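Report on one structure; see the data block that follows.
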Amino acid sequence: MRVDKQNYYLDIAETVLERGTCLRRNYGAIIVQNDEIVSTGYSGAPRGRKNCLNLNFCAREQLKIPQGQRYELCRSVHAEANAIISAPRQEMLGATLYLAGRDMKTGQILENPESCAMCRRLIINAGIATVVTRSSGGRYTVTDVSDWITNDDSLPPLPEPSGGGGQE
């Protein structure tokens, strides 16, 4: 039985994550346009800097920072950002980004991984149209990037309109 295209590219993203150097979670990302891989990226320290794997510690873990918070204290550049940095913009317009993640303590594929708020902004500005994320067992989620634009998570919720005050 032949693997479908989404899982084919997610398998490649999963292989890319094996290059990651994060001690908590590693991600692999690939950008695909017109059925061709444009670029790849994995989680790791900026070029020339020591990474957590070599230092044998994670600053965010030592500070007990919960997942999804205080990414400015992380040594790694995220996989999505690394893939975007490595790709020409004209080849990202309308492209699909495939993302797979692994918990490094358990070795398990992350269920429903999501790009952080900063990576979402990069994906939007790069002109990427779709993000496909790996779950386990060949399952995946497809996200239309325009939903991130419409449902802007960087804005505080608007207050509910109060009742009354109008003429009856």
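So if we plug the beta-carbon distance of residue 153 and residue 86 into 1/(1 + (r/R0)^6) with R0 = 25 Å, what FRET efficiency do we get, rounded to 0.05?
For residue 153 and residue 86, the calculated efficiency is 0.45.
Considering only protein heavy atoms and a probe of 1.4 Å, how much of the accessible area of the chain is carbon and sulfur, as a whole percent?
Ligands and nucleic acids excluded, carbon and sulfur give 49 percent.
Would you mind giving the average projected area, over all directions, of the Cα convex hull of the range 98-142 in nm² with one decimal?
Taking the Cα atoms of the range 98-142, their convex hull projects to 3.4 nm² on average.
Charges only on Cβ, +1 for Lys and Arg, -1 for Asp and Glu: so what's the dipole of the range 24-166 about the Cα centre, in debye to the nearest 20?
The calculated dipole for the range 24-166 is roughly 900 debye.
Please identify the trypsin sites (Lys or Arg not before Pro) of the range 39-77 that satisfy two criteria: DSSP loop assignment and at most 12 other Cβ atoms within 10 Å. Which are they?
47, 49, 50, 64, 70
With every protein chain in place, what's the accessible area of residue 86 (1.4 Å probe, Å², nearest 10)?
70 Å²
Which whole-percent values make up P(r) of the chain when all C-alpha to C-alpha distances are grouped in 5 Å steps starting at zero?
Per 5 Å bin, starting at 0, the Cα pair percentages come out as 2, 8, 17, 19, 18, 14, 9, 4, 3, 2, 2, 2, 1, 0, 0.
Given an 8 Å cut-off on Cα distances and at least 6 residues of separation, report the relative contact order of the chain as a percent.
Over the chain, the number comes to 22 percent.
I need the calculated FRET efficiency for the pair residue 71 and residue 3, taking r as the beta carbon distance and R₀ as 41 Å, to the nearest 0.05.
FRET efficiency, residue 71 to residue 3: 0.80.
For the chain, what does -39500 (n - 2.57) per DSSP helix run (n ≥ 4), summed and divided by total residues, give at 222 nm, in deg cm²/dmol to the nearest 500?
-7000 deg cm²/dmol
Over 21 Å, how big is the tail of the calculated P(r) for the range 52-133, in percent of all Cα pairs?
Percentage above 21 Å: 36.
For residue 71, tell me the accessible area in Å² from a 1.4 Å probe, rounded to the nearest 10.
80 Å²
List the lysines whose Cα sits under 24 Å from the Cα of residue 105, skipping any in the same chain fewer than 8 residues away.
Output for residue 105: 50, 64.
Roughly what would the spin-label model give for residue 144 and residue 108, points 7 Å off Cα along C-beta, in nm?
Each label point is offset 7 Å from its Cα along the Cβ direction, giving 3.2 nm.
Considering only protein heavy atoms, what is the solvent-accessible area of residue 104 at a probe of 1.4 Å, reported in Å² to the nearest 10?
Surface open to solvent at residue 104 totals about 80 Å².
So what's the gap between the Cα centers of the range 8-27 and the range 108-122, to the nearest angstrom?
12 Å
Given charges of +1 on the Cβ of Lys and Arg and -1 on the Cβ of Asp and Glu, with all other atoms neutral, how large is the dipole of the range 1-91 about its Cα centre, in debye to the nearest 20?
Once rounded to the nearest 20, the dipole reads 600 debye.
Quick one: accessible area per residue over the range 10-168, 1.4 Å probe, rounded to a whole number of Å²?
Averaged over the residues of the range 10-168, the accessible area is 61 Å².
The values are calculated or read from the model by the stated rules, or taken from the named source; none is laboratory data. Everything numeric in this text was worked out from a predicted model, so none of it was measured. Using ideal geometry, Cβ is built from the backbone for each residue, glycine included, and neighbour counts are taken over all protein chains shown. Please note that ligands, DNA and RNA were not included when accessible areas were found on the heavy atoms of the full protein model with its side chains. Shrake-Rupley method; radii C 1.70, N 1.55, O 1.52, S 1.80 Å.
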